[in-house]
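Enquirer: Pasting a structure below so you can have a look.
The numbers here are math on the coordinates, done by the rules we state, and not lab data. Because the structure is predicted, anything quoted here is derived from the model rather than measured. Counting neighbours? That spans all protein chains shown, and the Cβs are built from the backbone with ideal geometry, glycine included.
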Amino acid sequence: MWTRIAVVVGVIVLLLAVVFASIDEPLRRYAENRANEAFPGYTVRIGALDLHPLSLSVDLKDLTLEALEKPLLSLPRWNAHLQWAKLLKGELVSEHRLDNPTVTIDRSQAEAELDKETNLVERGWQAAVLQVYPFAINRLEIHEGTFSYRERPDRPPLELRHIEATAENIRNVDSPDHTYPSTVSIEADVFSTGHLSIKGGADFLAQPFAGVDVDFDLREIPLADLLPLAGRFNLQLRGGILRAAGHTEYSPKARRAMCSSLNVDGLRMDFVHQTKTRAREQQVVRAAEKGASNTTDATRLELEIKEGHLSDAEVGFVDESAHPQYRVFVSHLDADLRDFSNRQEAGPSDIQVKGKFMGSGSLSATGRFRPSAATPDFSLAVKILHTRLKSLNDVFRAHADVDVTKGSFAFFSEVTVKKGSMKGYLKPLFKDIDVYDPEEDEGKGFFQQVYEGLVDTLTGILENDVRDEVATTTDVSGPLADPRTSTWQVLVNLIKNAFFQAILPGFQQQAGQGR
C-alpha cells in the first residue's frame, strides 16, 4: 500500500515539475508582451523567466529596455519574491533584487524623453514592475549598478559605477503616518575618482512624483570629467575637485537644498566666445532669463550654502571671435562665501575674493548679497592693483589696434544694485604708459608705427604731471534695463561694462585724437 502511495505522489510531483517547467516560456512571453503594451515607444525583451512556485518567487534573466532603437537598460538578473514576514501582518508585498543593472542614455534619448507628454518616470516605475510580478514592491536592492550618460559620440561618458542602493518600506506598511516613511541608502563611485553617499527617507507613494528627504555627501568629484556637458554652454573645464555635504528635501510640496559645506579646489575653467556659437550663447541667456521670470514660489528651488570655499582657481574669458584672439583671466583665485540663501526672509550673505589678475595684478573684492524675490539686491567693491599692461596687449590689439611696451594698470569699482536700479562707478587707472618702442616695432609697417607713435605722444600729454597717471571714471548709475534680470546676468554685464565702457575707451579715445 505504502509503495503505491509513494508511486502516486512521485507521479504527481513529476507531473507538477513538468507543468511548471513548461510554463516558464509562456509566462516569459506574457510578461514581455504586457510590458511592451504598457510602454509604447520602448522595446522590452526578457531573455528567460524562471518561476519558483513553492516560494512564489521569480527570476528574470537578460532583461533589456530600448529607446530610439538604442539600449537604455540592461539587467542580467532580477529576482522578485514575497516578503513573508509582511504577509503574516496581512500585507501582500514583494522584495526585489537587481544585480548588475546598467542604464545607458545619450543626449538624443534624454531629449526625446523630456519631450514626451508622459515620460518613463511619470508612468510610474512600480507600474512597470507590476506587469512582470503582480505584487507591490516594498523593498528594493540594487547591487553593482552602473549609470552612463553620453553627451556626444566622440566624448567619454559620465558614469556612476558600483551603485549599491537599498529602499525599504516602499509601500509604507510599517509607518503610514510618517511624511517620509521609507528608508533610502545609496553609495556610488562618481566619474573617475569621486564618491556619492545618500541616506535618508522617501515617500514613494507621493503624487505626482516620489519625494525624498536625505543627507548627501559628495567627495573628490573631478570637474574636468564634466567637460562634455559643460561644452554645451561654451565652458572649458580643465581641472578642479568638488566636495560637498548637506541635506535636500525634494517632493511635490517642498524643494530645498542646503549645503553645510561646498568646496572646490584647483578649478580651471574658461568661458569661450566664438562667432559660430553666438546664437547659442544668446539662446542660453534667454532661456535662463525666461526660467527665472517664470519661476514661482511653488516651483523655485530654495538654495542655501552655509560655507562655500573656492581655492587656487583659475577662471578666464576667451574671445575666439576677436582678431587677435585673447584671454582675460584671474589666477590663484580664492573665494569665501558664507550664509548664502535665495529665500527672501533670509539674511544677507557675504563673499570675499582675492587673486591675481592676468598673472600680475593683485585683485580683491568684497560683496554682500541680499535675497530678493523681485530684483537683484547686492553691493560689490572691486580693487585691482599693479597689473602689467603688456599682459593685456591682445585685448588692446583686438579692440584698439594698439599695444603697449610698458606701464601698469589699476581698477577700482563700487556698485550697489537695489530695487531695480544701479548706483556706482568704474575707474581704471593707467601709469607709466609707453605705447611705441622703435626697437620692438621695427618690423611693423610704417603707418602702424606712426599711429602708435601719435598715441604714445598723446598719452604723455594726458598723463598727470605729478603722479604720471591717466585716470577716467565711468558712472554706471541708473535703472536696470530689465529689473527681472538675474543677479548673475547683472554681474556679467558689469564685467562687460568694465572692459568696453571704462578700460578700452581710454585707449580708443587716445587713438582717435592721434589720428
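Enquirer: What does the charge count around V214 come to, taking other residues whose C-beta lies under 9 Å from its C-beta (Lys +1, Arg +1, Asp -1, Glu -1)?
Expert: On the way: positive: K199; negative: D213, D215, E249.
Around V214, the surrounding residues sum to -2.
Enquirer: With a cut-off of 13 Å, note down the residues of the stretch 193-215 whose backbone N falls inside the zone around a label point 7 Å from the Cα of E164 toward its beta carbon.
Expert: 196-198
Enquirer: Filter the chymotrypsin sites (Phe, Trp or Tyr not before Pro) in the stretch 366-424 to those in DSSP coil with at most 14 other Cβ atoms within 10 Å of their Cβ, and list the result.
Expert: Numbers: sites: F369, F378, F396, F409, F411, F412; in loops: none.
The qualifying sites: there are none.
Enquirer: Could you compute the FRET efficiency for R484 and A381, with r as their C-beta to C-beta distance and R0 at 25 Å, rounded to 0.05?
Expert: Working: r = 25 Å, r/R0 = 1.00.
For R0 = 25 Å, the calculated efficiency reads 0.50.
Enquirer: Once you place label points 7 Å from the Cα toward the Cβ at K61 and R397, how far apart are they in nm?
Expert: According to this spin-label approximation, the distance is 6.8 nm.
Enquirer: Which lysines have a Cα less than 26 Å from the Cα of K61, not counting those fewer than 8 places away in the same chain?
Expert: K70
Enquirer: Over 20 Å between Cα atoms, which of K427/K496; K354/K383; K406/K496; K306/K496 qualify? Display every interim value, and only then the final one.
Expert: Working: K427/K496 14 Å; K354/K383 10 Å; K406/K496 24 Å; K306/K496 30 Å.
From the list (K427/K496; K354/K383; K406/K496; K306/K496), the Cα-Cα distance tops 20 Å for K406/K496; K306/K496.
Enquirer: Determine, from the Cβ-Cβ distance of R29 and L54 and an R0 of 22 Å, the FRET efficiency 1/(1 + (r/R0)^6), rounded to the nearest 0.05.
Expert: On the way: r = 23 Å, r/R0 = 1.05.
Efficiency, from the Cβ-Cβ distance: 0.45.
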